[in-house]
């Protein structure tokens, strides 16, 4: 696995210049930079369009309600692929200067993708089991090609992050239908896990599954064969007096099984006062203490990241959040060197 005591990004960044973004991630998280995602640019730079550009033998286009399946590749998909190509060029050049041993790429996971793309009928892909399988298989094939290209261009080992913010709603059956008068039938948790497991097994790279929902299905994700699970550790379910026993137990069981967490600890937008490293680290230490894990194991059990994407942040905070993630990684590796904390973040 990747080295201990490091940090990385979790998702999107502000801005529209791929070269500036590539310089940012390789400069602030040089041991484990993430291929920048810049959704503010335009159609095709968003998470779904970016992922759709990797699909093999499937095409989508933009309609007033979002992305929809189409018989042939059109302008929207070509733009998504052009943007990805520019991102890879910039990232390749930046990595050539810093020579990271590991890099991370992110795409929408199969369930979030199926929940976000419409069939020609206007219904979600999620409503058609055959279409879900087809999209998952296409995504797996596209990811294999994408991983191989990124590895060849950067000379680094590649980690794939599957973003599944929509998975809890898929399992709960809370997504509205096309008419808006009902909800899409829930997908059984074992079926959701099987699809993830099959996709993960088909990718020749470690796969992280990231879900920054209030209560992510940690056990399901870890049980699907993920190399790590990414969560927003600042959610009430995991911290302080509001922490939920079942949520903490899920983390403990995941760590016991040897699966680390990408632990989201930095806010997505600038706080009124910058949090001290000691206060940020204490969130991780407290989690380890509550679950009975030695703090010295945190560097192996957790990779600190921003809580989720940073697209809504100022450029200054995006830079600082990544830098703090790296500093937190070092703090986890040597807890005795972390000074006593202050009042905590505002």
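Just so you know, all these numbers are worked out from the coordinates, no wet-lab data involved. As the structure is a computational prediction, the values presented were derived from the model and not from experiment. Glycine gets a Cβ as well: all are built from the backbone with ideal geometry, and neighbour counts include every protein chain shown.
By count of other Cβ within 10 Å, fewest leading, how are 211, 95 ordered?
If I rank by nearby Cβ atoms, fewest first, I get 95, 211.
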**Message:** Out of all Cα-Cα pairs in region 256-336, roughly what percent, to the nearest whole number, are more than 21 Å apart?
**Reply:** 27 percent
**Fill in**
The residues 146, 123, sorted from fewest to most surrounding Cβ atoms within 10 Å, come out as 123, 146
**Asked** When DSSP beta bridges are limited to those with both residues in the chain, what percentage is antiparallel, rounded to the nearest 5?
**Response** 20 percent
**Prompt:** Could you give the angle, 0 to 90 degrees to the nearest 10, between helix 277-291's Cα long axis and the longest principal axis of the Cα atoms of the chain?
**Reply:** 80 degrees
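Taking 0.36 nm per residue of sequence separation and subtracting the Cα-Cα distance, how much length would be gained by fully extending the chain between residue 70 and residue 214, in nm to one decimal?
The residue 70-residue 214 span can extend by a further 48.5 nm.
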**Message:** Under the 0.36 nm per residue contour assumption, what length would be gained going from the current alpha-carbon distance of residue 185 and residue 198 to full extension?
**Reply:** 2.5 nm
**Prompt:** Using the alpha-carbon atoms, what tilt in degrees (0 to 90, nearest 10) does helix 75-98 show relative to the longest principal axis of the chain?
**Reply:** 30 degrees
**Interatomic Cα distance distribution for the chain, bins of 10 angstrom, percent** = 6, 26, 35, 24, 8, 1, 0
**Prompt:** Helix 189-201 versus the longest principal axis of the chain: what is the Cα-based angle in degrees, 0 to 90, to the nearest 10?
**Reply:** 90 degrees
**Complete:** Here the Cα Rg-to-2.2 N^0.38 Å ratio for region 82-134 is 1.70
**Fill in**
1/(1 + (r/R0)^6) with r = Cβ-Cβ of residue 153 and residue 297, R0 = 35 Å, i.e. FRET efficiency to nearest 0.05, evaluates to 0.55
**Request:** Determine the distance separating the Cα centre of region 98-116 from the Cα centre of region 202-263; give it in Å without decimals.
**Result:** 17 Å
**Asked** Counting other C-beta atoms within 10 Å, which of 330, 104 has the fewest, and how do the rest follow?
**Response** 330, 104
**Asked** In nm, what is the difference between 0.36 nm times the number of residues separating residue 16 and residue 286 and their Cα-Cα distance?
**Response** 93.4 nm
